[in-house]
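Please read the structure below before turning to the comments.
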Amino acid sequence: MVDQTVTPLHTPPTLEQVAERAGVSRSTASRAINGGDRVSPEAMIAVADAVSALGYTPNRAARSLVTRRTDSVALVVPEPDERVLSDPFFAGVLNGVSLALSDSDLQLLLLIARPDDASRTVRYLRAGHVDGAIIVSHHRDDSIDRALEESGLPTVFMGRPFTTRSRLSLIDTDNVGGARLATQHLISIGRRRIATITGPADMSAGLDRLEGWRQAVRAAGLADDAIVTGDFTLDGGASAARELVERFPDVDAVFIASDLMAAGAVPVLSAAGRVIPDDLAIVGYDNSGMAVTTKPALTTITQPVVAMARAAGAELVAQLRGEPAREQPMIFEPELVIRDSA
């Protein structure tokens, strides 16, 4: 005869069992598990012991209903997919934010806010799907800064937004000072016809690095007309270099506002007959991995991306723990790294 006895499956412990073992009410056990609001220290200890003894795992969905928290934060990048996947800057940002969240229970969501559909991202952020957001690579017209400032969602910007920021914390580097430092180095080695390939005109970093270059050349009594607009991409750097050679054949130095653009520009400039650094000295910006793979290796300005992103993550975690938002910007100082290109 076949034994048809069915062995019962293990049933996970319930909140009621936790409460019974701890000697408290179900509501007290729930409050203790979900943050300890209005729960005595003795009850907190009893519930923690019961949870440990029974191996109880809180229901995440139920916990969210009680706490109105999702235990997730968003890293928002208003850029096309291909740029996020190809630019080493964003890998550094992800690394830094992940490090900041490593000691918390927060999950990190990457939201790529395509330039033509930023409104959808704003709706998602304002609908309560995340507890906070870090915005990086913000553009003037994506409206994310204004929408989040109005929403009250805890938000940290990595890079200066265009609007007033009464409730938005800011982590940035001194882009004006870094570009000025780069250009002053070119002046110090005797260059007198100095061009720049800029970042996008709809990003604060692009405008600030242009301003730093302009301040330096004007202070030295040099012309400030040799400007070519770039877009912080490899292909954009190559295209800008071709324009530079055509429009300003007499330049003897160029400050390029990102290492990625410089990596695209160097082969074009070399193919046009410019010997670097003899005929044309180059300084980039970022001190990314690209700076040591160009031929020659790139003199550049350090932008501590990982440290900045880690600071942005730490600031957001602090806000979610109830600390007031940082009112003054945290600004990282740039440093000049001299290699072979200038």
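Residues that are crowded, with 24+ Cβ neighbours inside 10 Å, among the small types (Gly, Ala, Ser) and modelled with pLDDT under 95 are absent from the stretch 267-282. Return yes or no: is Arg339 more than 30 Å from Asp105 (Cβ to Cβ) and either out of contact with any Cys (no Cβ under 8 Å at 6 or more places or on another chain) or not charged (D, E, K, R) (or both)? Yes, satisfied.
Given the criterion at negative phi, surrounded by 12 or more Cβ atoms within 10 Å (Cβ to Cβ) and at pLDDT below 80, identify the matching residue among Ala50, Ala32, Ala46. Going through Ala50, Ala32, Ala46 in turn, just one is at negative phi, surrounded by 12 or more Cβ atoms within 10 Å (Cβ to Cβ) and at pLDDT below 80: Ala32. Does the stretch 283-301 contain any residue that is more than 17 Å from Ile338 (Cβ to Cβ), touching a strand residue (DSSP E or B) at 6+ places or on another chain (Cβ under 8 Å) and among the aromatic types (Phe, Trp, Tyr)? No, that holds for no residue. Scanning the stretch 191-250 for residues that are of a type in the set (Gly, Ala, Ser), part of a loop (DSSP other than H, G, I, E, B), open to solvent by less than 60 Å² (accessible area, probe 1.4 Å) and farther than 23 Å from Asp87 by Cβ yields Ala220, Ala223, Ala226.
Taking the criterion of being among the hydrophobic types (A, V, I, L, M, F, W, C) and free of Cβ contacts under 8 Å to residues at least 12 places away in the same chain, the residues of the stretch 186-223 that qualify are Leu207, Ala219. Scanning the stretch 91-137 for residues that are modelled with pLDDT under 85 and open to solvent by 70 Å² or more (accessible area, probe 1.4 Å) turns up Asp103, Asp105, Arg114, Pro115, Asp116, Arg120, Arg123, Tyr124, Arg126, His129. Among the residues of the stretch 61-73, at least one is in contact with a strand residue (DSSP E or B) (Cβ under 6 Å, 6 or more places away or on another chain), within 30 Å of Val122 (Cα to Cα) and at pLDDT 80 or above.
Against the conditions (1) in contact with a helix residue (DSSP H, G or I) (Cβ under 9 Å, 6 or more places away or on another chain); (2) part of a loop (DSSP other than H, G, I, E, B); (3) of a type outside the set (S, T, N, Q); (4) under 20 Å from Ser204 (Cα atoms), Glu327 satisfies every one except (1).
The values are calculated or read from the model by the stated rules, or taken from the named source; none is laboratory data. Owing to the predicted nature of the structure, the values given are computational and were not obtained by experimental measurement. Don't worry about glycine lacking a Cβ; one is built from the backbone with ideal geometry, like all the others, and counts go over all protein chains shown. The protein model used for the area step is the full one, side chains on, heavy atoms only, and it has no ligands, DNA or RNA in it. Shrake-Rupley method; radii C 1.70, N 1.55, O 1.52, S 1.80 Å.
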